[in-house]
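See below for the structure under consideration.
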Amino acid sequence: MAGPRLPADITALAVSADLVFAAVGKDIVVTRRLQVEAIAKGLSSGKIIGLIVLGKQLLSLAQDGLLTVWGFWDWQTPQKIIQLGSDFRPSCFMHPDTYVNKVSIAFHPGAAPLFPPPPFPGLKPPIFCISISFFSWYR
């Protein structure tokens, strides 16, 4: 067994040192060495689809467009809640290494606020995963 038994499927994972964060439905289970340390109760109406660790903060993104910032020291009250709007259905998000305090969020059907903007503005297929390419700067 690699961790505690959870009540539902894991939809996202993140790790920081010996802490493991598992999104289970609307909640985040915080574990340390097989022991559950805390459960952050989700505020969204949809499942959490992504988790990102930034320093001592955890960002969670839910299907309903709720971006929540949690501090490692308080799992009862989020530090910040950002509602992206009912028109936006996020599919994934990432933290570009070149920006200290920014995340890039991809939406259905194909919109993604990337900087600089992509050279193909008319293309609108669904985006399911985004990643950094370190060598794209040298073309």
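FYI, it's all coordinate maths here, none of it is from the lab. A quick note: this is a predicted structure, and the numbers were derived from the prediction, not measured. Positions of Cβ are generated from backbone atoms using ideal geometry, with glycine treated the same way; all protein chains shown enter the neighbour counts.
Table for the structure above
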{"read-out": "Residue-count net charge about residue 4 - beta-carbon cut-off 15 Å; Lys, Arg +1, Asp, Glu -1", "value": "-1"}
{"read-out": "Loop-located trypsin sites (Lys or Arg not before Pro) in the range 19-59, at most 15 other Cβ atoms within 10 Å (DSSP)", "value": "33, 41, 56"}
{"read-out": "Shape of the range 1-73, Cα gyration tensor, a/c cut at 1.5", "value": "oblate"}
{"read-out": "Chymotrypsin sites (Phe, Trp or Tyr not before Pro) restricted to the range 1-108 and DSSP loop, no more than 10 other C-beta within 10 Å", "value": "73, 99"}
{"read-out": "Spatial separation of Cα centroids for the range 79-105 and the range 1-78, in angstrom", "value": "16"}
